[in-house]
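Please read the structure below before turning to the comments.
The values are calculated or read from the model by the stated rules, or taken from the named source; none is laboratory data. Keep in mind it's a predicted model, so treat the numbers as computed, not measured. Cβ placement follows ideal geometry from the backbone for every residue including glycine, while neighbour counts extend to all protein chains displayed. For the accessible areas, the whole protein counts, side chains as well, though only heavy atoms, and no ligand, DNA or RNA atoms are used. Shrake-Rupley method; radii C 1.70, N 1.55, O 1.52, S 1.80 Å.
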Amino acid sequence: VQLQASGGGLVQAGGSLRLSCATSRRTSSNNAVGWFRQAPGKEREFVASISWNGDRLDYTDSVKERFTISRERASSTVYLQMNSLKPEDTAVYYCAVAYSAQASQRRDSYRYWGRGTLVTVSS
């Protein structure tokens, strides 16, 4: 099973990035997908999740109104649009496929994890 996260990079505070998570139909079509991030010296934390059919979205408080998660079922790709980026958003971002159809904030709810993509926000 391969998950490929991409779209990270260096951006100034206030800027935007869109992360992509390429999955496979077999892996994710009936499963929720989430984004997590891990900053240097910190634990991996939940960022956002989307249910299998996209009808339920969940965000951690610090990114609400700034980040948007979405999924394109035809290509089995999940996106994280990040606007108004702040230096504290700097982290390696990971996408993950859940065991179930419903979204969750718990790391142990996710079965497959991709390699991360680095987001660096300069002040």
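Details
- Per residue value of the accessible surface for the stretch 34-78 (all protein chains in place, 1.4 Å probe), Å²: 54 Å²
- Filtered trypsin sites (Lys or Arg not before Pro), the stretch 87-121: DSSP coil and at most 14 other beta carbons within 10 Å: ARG106
- Per-residue Karplus couplings for the stretch 38-45, computed as 6.51 cos²θ - 1.76 cosθ + 1.60 with θ equal to phi - 60°, are listed in order as 9, 8, x, x, 10, 6, 5, 10 Hz, Gly and Pro entered as x.
- Measuring nothing but protein heavy atoms, the accessible surface of the chain at 1.4 Å probe radius is 43 percent carbon and sulfur.
- Where GluC sites (Glu not before Pro) fall in DSSP loop in the stretch 2-94, at most 12 other Cβ within 10 Å: GLU43, GLU65
- Remark: the chain carries a charge dipole of roughly 340 debye about the Cα centre, counting +1 on each Lys and Arg Cβ and -1 on each Asp and Glu Cβ.
- 222 nm mean residue ellipticity, helices alone, for the chain (DSSP H n ≥ 4; -39,500 (n - 2.57); rounded to 500): -500 deg cm²/dmol
- For the stretch 22-32, Karplus couplings with θ = phi - 60° (6.51, -1.76, 1.60), whole Hz, Gly/Pro x: 8, 10, 10, 4, 5, 7, 10, 4, 10, 10, 5
- Among the chymotrypsin sites (Phe, Trp or Tyr not before Pro) in the stretch 24-123, those placed in a DSSP loop whose Cβ has at most 16 other Cβ atoms within 10 Å are TYR99.
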